[in-house]
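Engineer: The structure follows.
The values are calculated or read from the model by the stated rules, or taken from the named source; none is laboratory data. Because the structure is a prediction, the values reported are computed rather than measured. Glycine also receives a Cβ, built like all others from the backbone with ideal geometry; neighbour counts cover every protein chain displayed. Quick note on the areas: whole protein, heavy atoms, side chains included, nothing else; ligands and nucleic acids left out. Shrake-Rupley method; radii C 1.70, N 1.55, O 1.52, S 1.80 Å.
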Amino acid sequence: MVALFNTPETHNMVVCTLCSCYPWPVLGLPPVWYKSPPYRSRAVIDPRGVLTEFGVTLPEKTKVSVWDSTAEIRYLVIPMRPANTEGLSEDELAGLISRDSMIGTRLAGKAA
Amino acid sequence: VNGPQDMGGMMGFGPIAPEANEPLFHAPWERRALAISLAMGVTHQWNIDMSRHAREKIPPALYWSLSYYEIWMEGLKRLLTERGLFDAGAKKLPVLEASNVASVLAKGSPYIRNAATDPLLKIGDRVKVRNLHREGHTRLPGYLRGATGEIIRYHRAHVFPDAHAHGNGENPRHLYTLRFKSRDVFGADNDDELQADLFEPYLEAK
């Protein structure tokens, strides 16, 4: 499995246009939208439009990097650490992470 | 095959509509469909590439009208029919016991193999994707045909789906991750990138 680290310069997003390849051992079964034609068709041609549907708008200077899982390599996105989280415990940080943030269609949550 | 599964870049499927607090299954039969598919998988009457190809051969109009697990069941029906396995007495098959499911799932199955030849390409090479239109199974998405990209990772050799799906052995081939500019592939007006994992026979050196 390959971990893709999001940075201020690059936002990673994972898709399987040909079927439904997904990091099962870490994330479990994929949600229906991940396996369905709207996401599989648009993630590669219109990733920013897809992100908008998830409520994510990236700065223009952030590059979107889409990974199509066409073989047996599996990809997992490591979301960027949100601001003002330096003092948080591991459990508190884990609470900011969602499944979708590890597919790359959402960002990590904000610190309370 | 240029089938309904190869939908990267298509338009008109509507909004993505993620479901909040989505249940793992939307009906009891879906849970069963997953279980049946996994249980049949361990009987080794076919491999993963054959089962993918069975789904890809569903006629497009039908494929796009089916839900995900309906596609799985339609593919399974075809695999069973082709092999004459619908008759319960046809053949004695290994049984996946409920107590073994977790360990079978956890085990996974590696696809890395030794190749008979050295890789022809290396990280940093600019390569062109061949204009292939295979009637059989392939893992080359249509939207990348003819595109030029850069090799950014080498994964050693893997089972080659194009052979494996048709009973032609594992025929291991070198596997690379290629990076493409969205500008080159889809005419994007930004610096976004696309990556895909492609086998050596799909590629030619520039």
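Engineer: Taking N as the number of residues in the protein assembly as shown, what value does Rg over Cα atoms divided by 2.2 N^0.38 Å take?
Structural biologist: Numbers: Rg = 20.2 Å, N = 318, 2.2 N^0.38 = 19.6 Å.
So the protein assembly as shown has a normalised radius of gyration of 1.03.
Engineer: Quick one: what are the phi-derived ³J(HN,Hα) couplings along the stretch B:176-185, Karplus 6.51/-1.76/1.60 with θ = phi - 60°, whole Hz, x for glycine and proline?
Structural biologist: 10, 9, 10, 10, 10, 8, 4, 4, 6, 8
Engineer: Looking only at chymotrypsin sites (Phe, Trp or Tyr not before Pro) in DSSP loops with at most 15 other Cβ atoms within 10 Å, what is the longest site-free stretch of chain B?
Structural biologist: B:87-206
Engineer: While we're here: How large is the dipole of the protein assembly as shown about the Cα centre if only Lys and Arg carry +1 and Asp and Glu carry -1, each at its Cβ, rounded to the nearest 20 debye?
Structural biologist: 660 debye
Engineer: More than 13 angstrom separation, counting every C-alpha pair in the stretch B:111-171; what % is that?
Structural biologist: In whole percent, the share of Cα-Cα pairs in the stretch B:111-171 beyond 13 Å is 69.
Engineer: Using only the alpha-carbon atoms of the stretch A:1-42, report the extent along each of the three principal axes, biggest first, to the nearest angstrom.
Structural biologist: Dimensions of the stretch A:1-42 along the principal axes of its Cα atoms: 29, 25, 15 Å.
Engineer: Here is a further query. Round to a whole angstrom and tell me the spacing of the C-alpha centers of the stretch B:90-169 and the stretch B:1-45.
Structural biologist: Cα centroid to Cα centroid, the span is 20 Å.
Engineer: Please list B:His26, B:His155, A:His11 in order of solvent-accessible area, largest first, computed with a 1.4 Å probe with all protein chains present.
Structural biologist: Sorted descending by solvent-accessible area, the residues read B:His26, B:His155, A:His11.
Engineer: When the Karplus curve 6.51 cos²θ - 1.76 cosθ + 1.60 is applied with θ = phi - 60°, which whole-Hz ³J(HN,Hα) does each residue of the stretch A:67-73 get, with x for Gly and Pro?
Structural biologist: Going residue by residue, I get 10, 8, 7, 8, 10, 9, 7 Hz, with x marking Gly and Pro.
Engineer: What are the semi-axes of the equivalent ellipsoid of chain A, taken as the square roots of 5 times the eigenvalues of the Cα gyration tensor, listed largest first and rounded to whole Å?
Structural biologist: Rounded to whole Å, the semi-axes are 23, 17, 12.
Engineer: Would you be so kind as to identify all helices of chain B, as entire DSSP H runs, whose Cα atoms reach 18 Å or more along the helix's own axis and whose mean Kyte-Doolittle hydropathy is at least -1.0?
Structural biologist: Taking the DSSP H segments of chain B (at least 18 Å long, mean hydropathy at least -1.0), we get B:28-41, B:68-82.
Engineer: So if a site counts as exposed when it's one of the GluC sites (Glu not before Pro), its DSSP state isn't H, G, I, E or B, and it has at most 11 other Cβ atoms within 10 Å, what's the longest stretch of chain A without one?
Structural biologist: Between exposed loop sites, the widest span is A:10-59.
Engineer: Would you pull out the residues with amide H under 5 Å of A:Tyr75's amide H, same chain only if 5 or more places away, H placed 1.01 Å from N?
Structural biologist: Residues meeting the criterion, in which the H sits 1.01 Å from N, are A:Val2.
Engineer: Set Lys and Arg Cβ to +1 and Asp and Glu Cβ to -1, take the dipole of the stretch B:121-206 about its Cα centre, and tell me which of B:His174, B:Tyr143, B:Leu198 lies farthest positive.
Structural biologist: B:His174
Engineer: Taking only C-alpha pairs under 8 Å that are 6+ residues apart, what is the relative contact order of the stretch B:59-206 in percent?
Structural biologist: 20 percent
Engineer: With the alpha-carbon atoms as the only input, what is the per residue convex hull volume for chain B in Å³?
Structural biologist: 170 Å³
Engineer: While we're here: Provide the net charge surrounding B:Arg78, with neighbours chosen by a C-beta distance below 10 Å and charges set as Lys +1, Arg +1, Asp -1, Glu -1.
Structural biologist: +2
Engineer: Note the buried accessible area between A and B here, summed over both chains, with a 1.4 Å probe, in Å² to the nearest 100. It would help to have the intermediate numbers written out before the result.
Structural biologist: Numbers: alone 6700 and 12990 Å², together 15970 Å².
It comes to approximately 3700 Å² buried between A and B.
Engineer: How big is the charge dipole of chain A about its Cα centre, in debye rounded to the nearest 20, if each Lys and Arg gets +1 on its Cβ and each Asp and Glu gets -1 on its Cβ?
Structural biologist: The dipole magnitude comes to about 320 debye.
Engineer: If you don't mind, another one. If one computes P(r) from the Cα atoms of the stretch B:1-123, what percent of pairs lie at distances over 20 Å?
Structural biologist: So the pairs more than 20 Å apart make up 60 percent of the total in the stretch B:1-123.
Engineer: Shifting gears a bit: In square angstrom, what is the accessible area per residue of chain B with a 1.4 angstrom probe? Could the numbers behind the result be given before it?
Structural biologist: Values: 11160 Å² over 206 residues.
Here the residues of chain B average 54 Å² of exposed surface.
Engineer: Just to confirm the filter: which GluC sites (Glu not before Pro) across the stretch B:68-142 are DSSP coil and have at most 12 other Cβ within 10 angstrom of their Cβ?
Structural biologist: Loop-located and lightly packed - B:Glu97, B:Glu135.
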